[in-house]
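Quick notes on the structure that follows.
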Amino acid sequence: MDFYLRDVEEIYTSILMQNQGDRGHLRIPESDTFIKDISNTLGISKHRVNQFLQAMKFSHHIFIFNITRADTDRKIAPLDGLVVAEREILDVLLPLYENKLRQEYQNLKGQDKSADGILKELLPEMNIHNNTPLGKIVNVVSMLREYLHYLKEHPEEFQDESRQERIKSELETLGFLVFDESLNKHVVAEEYQKEDVISQEEIAQVKEDYEEDALSGSQFKTRINLTFEKALKIYGLPFILKHHLKNGQFSVLEKLIIQNRYFDLRDLQYIRNELRTTMKNFERNPTLAMRRSEVYSLDRILAKTIRRFSIN
C-alpha cells in the first residue's frame, strides 16, 4: 500500500500495530495520547499529524470515531478512537471490546448481560454515560459494529487501488504532493521535503538524549550541544522553550542559557516573561512550588544575561 509520504505510512503503521497489540493492552489508540506521541516520534507538529489522520480517514484507510463527545457545560473535551479500516482487524477487535463491555457492566451493575442488551439499555442514555469508562466502551462497541457492517456492505470502497487514489488526492489538496509533468507522476512537494531532512533514527536519538536532564558539568555540555542543535532542526526554538517550561525543566534551560550559543535577547525576554507567569502559580500548584529554588535560580541567570546583552 503506497502512502506517498513516509510520515503518513508511519502513522498508519503505528495505529495498525496498536490495533494488533497483545490482549489486555489498549488496542484502540486514543487521539490525545496518540497525536502527542507520534508528533514527538516523527518530529512533526500535532497540526500536521491531524492533517494526515484526516487524509487517511477520507481515503478510507482508517476510521476515526468519538469515544467521548465534547460537552462544554461539563468541561469535557472530545476524545476520538483510531482503527485501521481492515475487516480482519475489526473481526478481532469487536468481540474483544464486547467482552470488555460485559465485564465493565457487570462490575458496575452486578448483572451479567449480553452486549446487545447493554447497548439497547445504555445507548439512549449516553448523555449520562458520556466520558465514563462504561460509556467509552459502549461507544467503541457501537462504532465497531457499524464499521464492520459498512465494510461488509461496501467492500469496493476499501480496495487498495481506490484508497490509493483517494490518499493521493487528499495529500495533493493539502499541498504535500504535486504533479510533475516531466515525470508524469505525483511527487513529494519541495517545501515538504525541506522539512523532512532528519532521519527517524536521529529523531529517536534526540528524544533519548534531549529529554535526559540529569547530566551535569562537561558531560552535559558535550551532550547538550549536539542534541540541542539537532532538536532545533526538528522542533524549532519556540517549541523547545515551551517544552522545557511546560515540563518544569528549569535547570536544563539554565544550563543552555549559561552556554548562550542559541538565544538572542528576544528569546531571553520571552523565557523571563513565561517564568514570571510561572511564579504567580506557586500558591495554586504545590508541586511547582517545590521547584521554587530552581525557578528563582533561572530568573537570576536570566536577569544577568539580559543585562549583559543590553550593555553589549
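The values are calculated or read from the model by the stated rules, or taken from the named source; none is laboratory data. Not measured: the values here are computed from a predicted model. Cβ atoms come from the backbone with ideal geometry, glycine included; neighbour counts cover every protein chain shown.
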For this session: Please name all residue pairs, on different chains or six or more residues apart, with Cβ atoms under 8 Å, provided the first residue is in segment 158-184 and is part of a helix (DSSP H, G or I) and the second residue is surrounded by fewer than 16 Cβ atoms within 10 Å (Cβ to Cβ) and modelled with pLDDT under 90.
Result: Asp160/Met1; Arg163/Met1; Gln164/Met1; Gln164/Asp2; Glu172/Val178; Glu172/Phe179
Exercise. Among (1) more than 30 Å from Lys185 (Cβ to Cβ); (2) among the aliphatic types (A, V, I, L, M); (3) touching a residue at least 40 places away in the same chain (Cβ under 8 Å), where does Ala70 come up short?
Worked result: (3)
For this session: Only residues that are among the aromatic types (Phe, Trp, Tyr), part of a helix (DSSP H, G or I) and crowded, with 21+ Cβ neighbours inside 10 Å: list them for segment 39-71, please.
Result: Phe52
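Looking only at residues that are surrounded by 15 or more Cβ atoms within 10 Å (Cβ to Cβ) and out of contact with any strand residue (DSSP E or B) (no Cβ under 7 Å at 6 or more places or on another chain) in segment 158-175, which one is modelled with the lowest pLDDT?
First pass over segment 158-175, keeping only residues surrounded by 15 or more Cβ atoms within 10 Å (Cβ to Cβ): 158, 163-164, 166-172, 174.
Going one step further and asking which of them are out of contact with any strand residue (DSSP E or B) (no Cβ under 7 Å at 6 or more places or on another chain), we end up with 158, 163-164, 166-167, 169-170, 174.
Numbers: Phe158: 93, Arg163: 93, Gln164: 90, Arg166: 92, Ile167: 92, Ser169: 90, Glu170: 91, Leu174: 86.
Ranking the qualifying residues of segment 158-175, first place goes to Leu174.
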Problem set entry | Residue selected from segment 1-18 under the condition over 14 Å from the mean Cα position of the chain (by Cα), closer than 20 Å to Val187 by Cα and not basic (Lys, Arg), by the criterion surrounded by the fewest Cβ atoms within 10 Å (Cβ to Cβ) | Met1
Seminar exercise, completed: (1) touching a residue at least 24 places away in the same chain (Cβ under 8 Å); (2) farther than 24 Å from Glu161 by Cα all hold for Val83 apart from (2)
For this session: Tell me, please, whether a residue that is under 20 Å from Asp2 (Cβ atoms), at pLDDT 85 or above and under 22 Å from the mean Cα position of the chain (by Cα) can be found in segment 184-197.
Result: no
Problem set entry | Test result for Asp112, part of a loop (DSSP other than H, G, I, E, B), over 27 Å from the mean Cα position of the chain (by Cα), charged (D, E, K, R) and modelled with pLDDT under 95 | yes
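Looking for whichever is assigned to a loop (DSSP other than H, G, I, E, B), out of contact with any Ser or Thr (no Cβ under 9 Å at 6 or more places or on another chain) and either without any contact (Cβ under 8 Å) to a residue 24 or more places away in the chain or not aromatic (Phe, Trp, Tyr) (or both) here; the options are Asp2, Asp7. Which one fits?
Only one candidate passes the filter, namely Asp2.
Would you confirm whether or not segment 121-133 contains a residue that is in a helix (DSSP H, G or I) and of a type in the set (D, E, K, R)? If you could, list the steps in order and put the result at the bottom.
Kept after step one, since they are in a helix (DSSP H, G or I), are these residues of segment 121-133: 121-129, 133.
Restricting the remaining residues to those that are of a type in the set (D, E, K, R) gives 121, 125.
Yes, because at least one residue in segment 121-133 is in a helix (DSSP H, G or I) and of a type in the set (D, E, K, R).
Using the structure shown, decide if Gly135 is loosely packed, with under 15 Cβ neighbours inside 10 Å, farther than 19 Å from Leu16 by Cα and of a type outside the set (A, V, I, L, M).
Details: loosely packed, with under 15 Cβ neighbours inside 10 Å: no; farther than 19 Å from Leu16 by Cα: yes; of a type outside the set (A, V, I, L, M): yes.
The answer is no for Gly135.
Table: residues versus (1) in contact (Cβ under 8 Å) with a residue 12 or more places away in the chain; (2) farther than 16 Å from Gly81 by Cα; (3) among the polar types (S, T, N, Q); (4) assigned by TED's automatic domain parsing to the domain that holds Gly21.
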| position | (1), (2), (3), (4) |
| --- | --- |
| Lys113 | no, yes, no, yes |
| Pro124 | no, yes, no, yes |
| Ile128 | no, yes, no, yes |
| Gly135 | yes, no, no, yes |
| Asn139 | yes, no, yes, yes |
| Leu144 | yes, no, no, yes |
Exercise. From the set of residues in segment 19-32 that are at pLDDT 90 or above and in a helix (DSSP H, G or I), which is surrounded by the fewest Cβ atoms within 10 Å (Cβ to Cβ)?
Worked result: Asn19
